Amino acid sequence: MLTGEPRPSAEELTAELGQVTIADVHEVAVEALDAALLMVPDGRHADWAGFTEAPTGSGEAMTGRTHRCLDGVDVQLVAGPEGVGLIGAHQRESVRFAECVALLAWPDGRRLLIGADAVSVTVEPTLYAGAAAIPSAIDAAVPAHLRIEMPAREPWAIPRPDPKRHRGTAGPRAGSRLRVWKDAGVTRLALLLALSAAVTALLLPNAVADSGNWVVALVALVVSGVLARALIRRIRLVRRLLQ
C-alpha cells in the first residue's frame, strides 16, 4: 500500500499460480542451483552433489611494498602497482586492480576492494606503518565507475593501534601475569606464617621471662615487614600488567 503496488485478489493469485508449468519451475530451479551458495558444517564437503568449494583466500600472494601492522597482529599489508593484499600466518587475500569489481571508499581512508572471485581486502591506513598514501593509489588505479562512496564513520569507529604495541612492545603476556600472581600468593602465605610465628612466640607461657621467645618474635616481625613490602610491590606490578 505504501509503494502503490497493485494488490491482486485471491482469485487473481490462484489464476496466476495455475499458469505456472513444470517447465517454468524446472527453469527457475536450474538457474538458482547454478548461482546458489551452499554452507556446510566444518569438515564437510558437497562436491558429491556437484558443488565447487568457493574460494576463501587467494592462491598467490600480491607483490609490492610490505607494511607491518601497528596493532600487534601478525598480518602485513602489501601494496603494489597491480593490486593490494593481506598476508599472515593463516591468511592470504589479494585483489588485483584489473579484477576488482567494486571499491567501497570511506572519507577517513578506509578502502574495501572486492575481486571477481569474491575475495575481498580491507585497507585500514591507520593500522599499518607508512600506509597513508595507499588509499590515493587505490583510487587512481580502480576505475571510477566501480567506486562506491560510503558514509563517514564516527571517530570512535576508526581503528587506532595500541600505543604500547606501536612503540614495538607486545605488552605483557598472560604467562607473565600468571607468574606474578603466583609469586604474590607465595609471598602472602609466607607473610601469614611469619606473623603467626611472632604471635605464637609472644603468647607462649612464660613469654615475658623467656628472652628466646622475644628474639623469635622480633625476627618474625622483621621478616613480616620485609614480606609485606614485597607483597605490596607485587600487587602494584600485577595492577600495571592488567592495565
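The values are calculated or read from the model by the stated rules, or taken from the named source; none is laboratory data. These numbers come from a predicted model, not from an experiment. All Cβ positions, glycine included, derive from the backbone under ideal geometry; neighbour counts span all protein chains shown. Note: areas computed on protein heavy atoms with side chains; ligands, DNA, RNA excluded. Shrake-Rupley method; radii C 1.70, N 1.55, O 1.52, S 1.80 Å.
Taking the range 66-75 as the range and being open to solvent by 50 Å² or more (accessible area, probe 1.4 Å), part of a strand (DSSP E or B) and touching a residue at least 24 places away in the same chain (Cβ under 8 Å) as the test, only Arg68 passes.
Checked against the criterion of being modelled with pLDDT under 90, open to solvent by 60 Å² or more (accessible area, probe 1.4 Å) and under 29 Å from Ala144 (Cβ atoms), the candidates Thr56, Thr63 yield just one match: Thr63.
Return the residues of the range 21-41 that are in a loop (DSSP other than H, G, I, E, B) and open to solvent by 80 Å² or more (accessible area, probe 1.4 Å); say none if nothing qualifies. Matches in the range 21-41: Leu37, Leu38, Met39, Pro41. Which of the following residues is hydrophobic (A, V, I, L, M, F, W, C) and more than 30 Å from Thr126 (Cβ to Cβ): Leu77, Leu37, Leu70? Among Leu77, Leu37, Leu70, only Leu37 is hydrophobic (A, V, I, L, M, F, W, C) and more than 30 Å from Thr126 (Cβ to Cβ). Please indicate, with yes or no, whether at least one residue in the range 118-130 is more than 17 Å from the chain's Cα centre (by Cα), at pLDDT below 95 and farther than 30 Å from Ala32 by Cα. For the range 118-130, residues more than 17 Å from the chain's Cα centre (by Cα), at pLDDT below 95 and farther than 30 Å from Ala32 by Cα: present. Looking at the range 91-113, which of its residues are free of Cβ contacts under 8 Å to residues at least 40 places away in the same chain and open to solvent by less than 50 Å² (accessible area, probe 1.4 Å)? Listed by number, the residues that qualify are Glu93, Ser94, Val95, Gly109, Arg111, Leu112, Leu113.
In the range 127-152, the residues that are closer than 13 Å to Pro107 by Cα form Cβ pairs under 6 Å with partners that are of a type outside the set (A, V, I, L, M, F, W, C) and open to solvent by 50 Å² or more (accessible area, probe 1.4 Å), at six or more places apart or across chains, as follows: Ala152/Pro107. The residue of the range 77-90 that is farthest from Ala141 (Cα to Cα), among those that are without any contact (Cβ under 8 Å) to a residue 24 or more places away in the chain and assigned to a strand (DSSP E or B), is Gly88. Consider the range 35-70 and keep the residues that are more than 21 Å from Ile114 (Cβ to Cβ) and among the acidic types (Asp, Glu). The one that is nearest to the chain's Cα centre (by Cα) is Asp42. Residues that are open to solvent by 60 Å² or more (accessible area, probe 1.4 Å) and in contact with a strand residue (DSSP E or B) (Cβ under 9 Å, 6 or more places away or on another chain) were ranked within the range 145-157; the one that is nearest to Ala98 (Cα to Cα) is Arg147. Scanning the range 1-20 for residues that are in a loop (DSSP other than H, G, I, E, B) and either open to solvent by less than 100 Å² (accessible area, probe 1.4 Å) or polar (S, T, N, Q) (or both), we see that the one that is farthest from Ala89 (Cα to Cα) is Ser9.
Report yes if some residue within the range 45-53 is surrounded by 10 or more Cβ atoms within 10 Å (Cβ to Cβ) and part of a helix (DSSP H, G or I); otherwise report no. No: zero hits.
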